[in-house]
Each structure stands twice: as structure tokens, then as C-alpha cells.
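J.: Take this structure, written in C-alpha cells, and hold onto it; I'll ask about it next.
Read-outs: derived from the displayed coordinates by stated rules, not from any lab. A quick note: this is a predicted structure, and the numbers were derived from the prediction, not measured. Heads up, the Cβs are rebuilt from the backbone with ideal geometry, glycines too, and the neighbour counts pull from every protein chain shown.
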Amino acid sequence: MNEKGNENENGKEKSEFLSGNEAIAEGVRLCGPQVIAAYPITPQTTLMEKLSEFAADGALSASCKFLLVESEHSAMAAVMGAAMMGSRAFTATSSQGLLYMCEMLSYVSGSRFPIVMANANRGTATPWTIFGDHRDSFAMRDSGWIQIYVESGQEALDTILQAYRIAEHPSVMLPVMVNIDGFTLTHTYELVKVPERETADAFLPPLNTFNKLSLEAPKCLSFAFWPDYHLESRCLQQKAFLDAVNFIERTDEEFYGLFGRRYHGLAEPYRCEDAECVLAVAGGVAGTTRVVVDKLRAEGRKVGLIKVRCLRPFPMKFFASLGSPCQALGVVDRDISFGLEGGLYTDVKASMYKPGAGIRTLGFVAGLGGHDVSKADIELMYDKLRNLADGKPEEEHQFIGMRWA
Amino acid sequence: MAEVGIMAIDFKNLSDRELMYGQKTCPGCGATVAIRLALKILGERTFLCIPACCAAATTNAYPQTSFFVNNVVTAFPATGSTIAGMAAAAEAQGLEDVTILGVAGDGGTADIGLQALSGACERNDNVIYLCYDNEAYMNTGIQRSSSTPWGAWTTTSPAGEGARGVVKSRKNLFDIIAAHRVPYCATASVAYPRDFMEKIAKAKAIKGARFIHVQAPCPTGWGYPTEKTIEYGRLAVGSGLWYLAEYENGEMKLNMTPKTFKPVESYLRGQRRFQHMKEDDYRLIEKQRDREWALLRERMKS
């Protein structure tokens, strides 16, 4: 499991009964941003409300400015403006709001501003929906943001702390999007350990960046590039993502040392050692899948789970190194790239690709627009993987849980 | 006509130092005059933000910049919101005696940037927003904006057989921003540099959201000889088709009140964008002008 016990050496933590959104707000409070800008959208709203309460109660840093902006586009532009001045900044959104700020995402990432944003995953209209899937953030896959998906409120809080640490590291300097499933995580309550501010400060040093405006050394930021420099700048961005892989893993280990909880960097294998049938999932469905794995293991079936925590950078090496005893690998997508398949499935297959590799794969699309992904659905997926491993026919790409088969 | 002094500037001892030069604007660019003069007054402790527009495309291309102050480029709709964040950060950091300045064109202000500007004004963020109005999307090649005047030809409002250019009145940005009850809002013209610079100086001394809408003639888009930018700016004001005004403490006032207007033809005839106009069009514009001025005089002190 993720925890090494209730006590750890370096910090006292109090346990509180918090929703996912409230847990994120606590994480943000512990990171002490100087500027927060946000615009309400379901199911992010209670996060913004909690931060407003913190601001009103003086729980945020005394100097923290909370901008109630007129749109998500403005929210991202405002936190970019703050980052340009060298301030730590935070925003949060969801779904249509994320799509609306799409233009600013690439401004922020191209200029390497280390902004952290929480995204309450929600489907995208139309059909209009307030309920969860990953089609909002998956649509922003190539926006130049690190994307992390969490499984619980505790992981959400902890990942906010990790996210700033990763984003602000001089060799990374990339914005980070922390994705949390709308409603199933944002609005459900669990006991969450909230670290003390001093321990958080020990983990996350103040933002110290050269990438800011300065009266002593004036500069121009977010320049235009003519074609002669553009390719190199993108190459450096890609290098930063590849370098971030080690740093994300290291940050998780250091977090473990201080707080006693860890999330295994980019991807976490669960009971995979001798597993023949393995499901890879991102987000809250990982929690349900753990329960199913435990049940099937108790029945003697060799099944395992891979929780994909990072969509970008992608755990390429992790998937490339999968070998026997894994015979069949399924990927659960709460996303679909129309005309191809689930987005996660494509990335997993591409990472595993080597000529003559023996692992067979299935892509499952499930849980779109808040559709429940039940334990029975997941058991069914493991059954299908077993069929595949046994050489029985299975469609490679399947929708799971539909009213018609 | 009488010019009303706004704020004393010691012009004789004004710094020779240019904070903007080397830009690749067209010869005779009115927007350049506006930004250069504004920076002269605002000084080195200015943090400048420009969206994708003429002023950004001609000043910043890696590794060169035309500015000697801190400056950033932001997205087209995002001037108001980016400077809002910059101002919030400046305040959070306790930076004192600095000016957060947004500079955007008419399209970036009256069209795609209006939402963000409105937000900054409504929150009374501590920023100056300078809109240089060349009355069309010039950076993309002369397309109509909501600030293009009635009758003007642009590439998206053709004129000729059966078409008369733009056939609707321009948006009044001054009224829109004044309706936000900001501490300071003004119109100006690059052809009246003293009035313009005094307004910049006044804005600098005030805290909160300040907006200055400066007409900046564009020889390329309007179609007149490059040496006539100031002349056309003065003709616009002289013929009553642009006015110099302020909004402060809940009151509007005119800074210049022509006793008689120059004929509108004196302003329109020499510009390529109005070449298609006939006598009827001039009279219609005259009528629009007189109606607008009757309204202005009714509600403004002069």
C-alpha cells in the first residue's frame, strides 16, 4: 500500500474528513501561492469556494491575491501574468473551462512558467454533461503540460505539493495539471491527512526562478520566434519532459521520506509480479480495480493493475519493460479519440511496441460522461483478457457497460 | 479651439532617453508614436504587456526587442487578464512605484479583448490599459473591427458597386469603460501629444484601473502619405470625428471643444479607405457627427 503508517518522523499531520476538492484546497494552502485566479465551473466550484474561504479567513499567505476573473481564459492569462512576475500561482477548472483556456495553456507551457492547475475531470459537450470522464484533459494532451491523474483525495492533496516541486525545478520548468475525477473524487469524502505548514515548507522551497521580469535586469518574455529558432525551442521543451521523468520519481521518493506516502512516480504496478492478465487505468477507477484485483486474487486468478499516474510525460519505459508472465494487457479509457481508439490505449501500445512482442492487448472504453464503471465491469474486462490470453476471439476495441452489446 | 491643460509636465526637461526604438513598424505609424510617448512619461519602472498585434509583431522577435522596459507578449484576448495577474503579483510582492501597462489595438480591445478588459476594470485592478486605435485589424492586413468608422473600406468591408464599406457605427469604448466607473478613463490622439502625455501622467498618478483610448492613424491601412499621420490625427479632431475627453470622479468632460467643425471631407477625402464616398456619404457622416456631439455636449462639462 501507499502508506508506511500513521506516524512519521518529520511532521505531525491531522486527519480531516475532506472531499477531493477540499483536499486540493488544503494542498494549495500549504504551497502558499501568491496569486490565485479562478472562474467557477462544476465540479471544480467547491474547490474555488474553499480557497475563497481560506482567503477570507486569512489562512492563505497574508500577501496572497485571489482574483475572481471573468472566464477561464482570463484565469490562465492572469496566473501567467503572475508567473511572469515571478510569483507562485494556482488556478483550477474543468471540462469546457479547460477547453476555453486552451489557447493560454500553450502560452504558459511554451514560455516555461511553472504554474500548477487542478482539473476536475468532466466530459465535454455535446451532449452537455457535468459528469466525469477524461475527454477534457486528454484533448489537452499536447498542450505542453505535465499531466498527473490521482486516485484519491489524499493523493490529490499530496500531488499538489509534488506538482509545485516538479514544476519549479530549474531543469523542469513546466506547468503541471493535476487531474481529479469529477464528482466521484471531487465530491466524495474520505479521511485525509493534512500536513503541517512547516513540513510542507521543508518539502517545497520558495519559488526562485530566473524566468521572470525584473527591475534590475529587464527582459522580454514569451517572445515571438521566427522559424530559425522554433525547432530548437521545441526540442528543449521535449528534453524538459524527458528529464522530468526522473525528477517526478525522485520527488515522489523524497515526499515518501518526509510524509510516509508515495505514489510510485509515473506508474504504479499493483500485484503485477506474476500477473498474467493486467489492466492499465488512470484516475479514480484505479481504486475500484484494486478491489477487484484483491477479490480475483483471493479466487486464485493471476491478475494485476497498472495505475497510470502520468499521461505526460508518459511512462514509456515502464510499459516497454513489460514482459512475461504478462500475457494480456487491457487499457481502460475514459476517453476516445474518434476514428482511432481510446487515447491511453494508443500510448500504451506505442510504448510496448517491439517486433514480435508476445503480449496481446485490448482497449476498453468505459465511464464516459459519468457512466459508472462498476466492479462487475472490471471483472468482465479481466474475463475478456483471460479469453484473449487463452487464444479465444475478442474484439480489440470495446465499449464496456453499454445498454446494447 | 481651446486646449485645456490637464497635468503639468516639464516638457523642457523631459528625458531624451527612448525606451522604445528599433521597431519594424511601417513608416508614419501612429501606434509607435503613442507607445513611445507613453513610455517617456511612465519611465523605466514600467512592466509592459502587449497581445499579438502590430505593436508586438514589430517589436519583439527573438533575440531582439525594441523595448528597454520589462515586456511580455500575451494572447490576443488576454491583455486585460494578463496585466491583472501581473498587477496582483506586483502587489503580493510589495513592489512599489511601478506601472503595469497593457497596450493593445482596437481589435484586441474592443473585440476579442473586451471581456478581459471589462474584468480588469470591474475589479479596479491597478493597471493602465492603453488602446491604440488604428480603426481596423492592421497586423493581419486591414480587416474591419468594431472600431472601424462608418463607411470605411477594409478588406472585409469592401466598397464599390453596391457596397459602401462598413455600414454601422463604431463601438464607443470610452462610454463602455466609463460605465465601469473606473477611476480614470480618457480619449486622446497622437496628433495632440501634449494632451496625450498629460493624460498618461495623470493616469500614472492614480491607483486602480485606468484606460486611455488613443487614436493612432495608420498610413498603411487608411491610405495616405506616411508623413501625414499627425495631419490626419488633427483633422479627425478638427472635423469632430474624434474627440478628446476624460472621465473622472463620475464626470465626463471634453478637453477640446471646437466652436466650428472643419468639413468632414477635409478629413475623409485624402484617405484611400474613404475614396468611394460620394457627397451623400459626407452629409450622412456630418449628420452622425452632429448627433453625437449634441449628445456629448449635453452630458459633458467642457
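J.: P(r) for the stretch A:70-185, please, calculated from all Cα pair distances in 5 Å bins and given in %.
T.: 2, 13, 24, 25, 20, 11, 4, 1, 0
J.: What is the diffusion coefficient of the stretch A:193-327 in µm²/s, taking the Kirkwood radius over Cα pairs and the Stokes-Einstein relation at 25 °C with a viscosity of 0.890 mPa s?
T.: So the translational diffusion coefficient is about 132 µm²/s.
J.: Test of the criteria: in the stretch B:92-144, which GluC sites (Glu not before Pro) are in a DSSP loop and have at most 14 other Cβ atoms within 10 angstrom of their Cβ?
T.: Qualifying residues, ordered by number: B:E96.
J.: Then there is this: Can you list the residues, at least 5 places off or on another chain, whose amide H is less than 5 Å from the amide H of A:F399, using H built in the peptide plane?
T.: Distant-sequence amide H within range of A:F399: A:V365.
J.: Given a Förster radius of 22 Å and the C-beta distance between B:D10 and B:I206 as r, what FRET efficiency does 1/(1 + (r/R0)^6) yield to the nearest 0.05?
T.: 0.70
J.: I've got another one for you. Report the percentage of all Cα-Cα pairs in chain B whose separation exceeds 33 Å, rounded to a whole percent. If you can, show how the numbers build up before the last one.
T.: Numbers: 8514 of 45451 pairs.
Within chain B, distances greater than 33 Å cover 19 percent of Cα pairs.
J.: Give me the percent relative contact order of the stretch A:151-211, please, defined on Cα pairs under 8 angstrom at least 6 residues apart.
T.: 43
J.: Using Stokes-Einstein with the Kirkwood hydrodynamic radius over Cα pairs, what translational diffusion coefficient do you get for chain A at 10 °C and a viscosity of 1.306 mPa s, in µm²/s rounded to a whole number? Working shown, then result.
T.: Numbers: Rh = 21.6 Å.
Here the translational diffusion coefficient equals 74 µm²/s.
J.: Using Cβ contacts closer than 10 Å as the measure, can you line up A:Y189, A:Y100 from fewest to most?
T.: Neighbour counts put them in this order, fewest first: A:Y189, A:Y100.
J.: Between helix B:79-92 and chain B, what is the angle of the helix's C-alpha long axis to the longest principal axis, kept within 0 to 90° and rounded to the nearest 10?
T.: Rounded to the nearest ten degrees, it is 20.
J.: How large is ³J(HN,Hα), in whole Hz, for each residue of the stretch A:44-53 in order, when computed from phi with the Karplus curve 6.51 cos²θ - 1.76 cosθ + 1.60 and θ = phi - 60°, using x for Gly and Pro?
T.: With the stated coefficients, the stretch A:44-53 comes to 7, 3, 5, 5, 5, 5, 5, 5, 4, 4 Hz.
J.: If neighbour count is taken as other Cβ atoms inside 10 Å, put A:K14, A:K384 in order from fewest to most.
T.: A:K14, A:K384
J.: Based on DSSP, what percent of beta bridges with both residues in the protein assembly as shown are antiparallel, to the nearest 5? Numbers along the way, then the final one.
T.: On the way: 29 of 96 bridges.
For the protein assembly as shown, the DSSP antiparallel bridge percentage is about 30.
J.: Whose amide H sits under 5 Å from the amide H of B:C185, counting only residues 5 or more places off or on another chain, with H placed in the peptide plane?
T.: Correct list: B:F211, B:Y247.
J.: Tell me which of B:P225, B:G165, B:P263 sits at the most positive position along the dipole axis of the stretch B:22-299, charges placed on C-beta atoms (Lys, Arg +1; Asp, Glu -1).
T.: My answer, from the dipole projection, is B:P263.
J.: Okay, next question. Given the -39500 (n - 2.57) contribution per DSSP H run of 4+ residues, what per-residue ellipticity at 222 nm results for the protein assembly as shown, rounded to the nearest 500 deg cm²/dmol? Mind dumping the intermediate values first?
T.: Working: 23 runs with 256 residues, N = 707.
Only helices count here, giving -11000 deg cm²/dmol.
J.: Ok, one more. In debye, nearest 20, what is the charge dipole magnitude of the protein assembly as shown about its Cα centre with +1 on Lys and Arg Cβ and -1 on Asp and Glu Cβ, if you could check?
T.: 1880
J.: For the stretch A:100-144, count the residues as N, evaluate 2.2 N^0.38 Å, and divide the Cα radius of gyration by that value, please.
T.: Normalised Rg, Cα atoms only: 1.26.
J.: From the backbone phi of the stretch A:272-280, what are the Karplus-calculated ³J(HN,Hα) couplings (6.51 cos²θ - 1.76 cosθ + 1.60, θ = phi - 60°) in whole Hz, Gly and Pro given as x?
T.: Couplings: 9, 3, 10, 6, 9, 10, 10, 10, 9 Hz.
J.: With unit charges on the beta carbons (Lys and Arg positive, Asp and Glu negative) and the dipole taken about the Cα centre of chain B, which residue among B:A84, B:Y62, B:A191 sits farthest to the positive side?
T.: Selected residue: B:A191.
J.: What residues have an amide H closer than 5 Å to that of B:D133, excluding those fewer than 5 places away on the same chain, when H is modeled at 1.01 Å from N in the peptide plane?
T.: Residues meeting the criterion, in which the H sits 1.01 Å from N, are B:V214, B:Q215, B:A216.
J.: What FRET efficiency comes out for A:A376 versus B:E161 if R0 is 60 angstrom and r is the Cβ-Cβ distance? Round to the nearest 0.05.
T.: 0.25
J.: Quick one: in the stretch A:267-399, what % of C-alpha pairs are over 24 Å apart?
T.: That fraction is 19 percent.
J.: Only four residue types carry charge here, +1 at the Cβ of Lys and Arg and -1 at the Cβ of Asp and Glu. Report the dipole size of the stretch A:147-293 about the Cα centre in Debye, rounded to the nearest 20.
T.: Value, rounded to 20: 360 debye.
J.: Over every pair of different alpha-carbon atoms in the protein assembly as shown, take the mean of 1/r and invert it; report that Kirkwood radius in Å.
T.: 27.7
J.: Ok, one more. Can you sort B:S239, A:S94, A:S233, A:S321 so the residue with the fewest Cβ neighbours within 10 Å comes first?
T.: With the fewest neighbours first, B:S239, A:S94, A:S233, A:S321 line up as A:S321, A:S233, B:S239, A:S94.
J.: Further question on the same structure: Among A:L305, A:A280, A:V291, which residue has its Cα positioned farthest towards the positive end of the charge dipole of the stretch A:249-308, with +1 placed on the Cβ of Lys and Arg, -1 on the Cβ of Asp and Glu, and the dipole taken about the Cα centre?
T.: About the Cα centre, the residue reaching furthest to the positive side is A:V291.
J.: Using each residue's phi in the stretch B:188-193, evaluate 6.51 cos²θ - 1.76 cosθ + 1.60 at θ = phi - 60° and report the 3J(HN,Hα) Karplus result to the nearest Hz, with x for Gly and Pro.
T.: With the stated coefficients, the stretch B:188-193 comes to 7, 9, 5, 7, 10, x Hz.
J.: OK, next. So, with +1 on the Cβ of K and R and -1 on the Cβ of D and E, and no other charges, what is the size of the charge dipole of chain B about its Cα centre, to the nearest 20 debye?
T.: The dipole magnitude comes to about 440 debye.
J.: Hey, what did the stretch A:156-282 get for relative contact order, percent, Cα under 8 Å, at least 6 apart? Before the final figure, lay out the partial values.
T.: Details: 73 pairs, mean separation 34.2, N = 127.
The normalised contact order for the stretch A:156-282 reaches 27 percent.
J.: Also, quick follow-up: Expressed as cubic angstrom per residue, what is the convex hull volume of the alpha carbon set of the stretch B:63-194?
T.: 144
J.: Another question, if that's okay. Note the per residue figure in Å³ for the convex hull of the C-alpha positions in the stretch B:27-95. Mind showing how you got there, number by number?
T.: Details: hull volume 6.9 nm³, N = 69.
Here the figure is 100 Å³ per residue.
J.: Could you check what % of the DSSP bridge pairs in chain A are antiparallel, to the nearest 5? Before the final figure, lay out the partial values.
T.: Numbers: 14 of 52 bridges.
Bridges in chain A that DSSP calls antiparallel: roughly 25 percent.
J.: Relative contact order for the stretch A:13-259 using alpha-carbon pairs under 8 Å, separation at least 6, rounded to a whole percent?
T.: Computed value for the stretch A:13-259: 25 percent relative contact order.
J.: Taking the Cα centre of each part, how many Å lie between the stretch B:245-281 and the stretch A:146-175?
T.: 56
J.: Which whole number gives the average, over all residues in A:219-232, of C-beta atoms from other chains lying within 10 Å of the residue C-beta?
T.: 5
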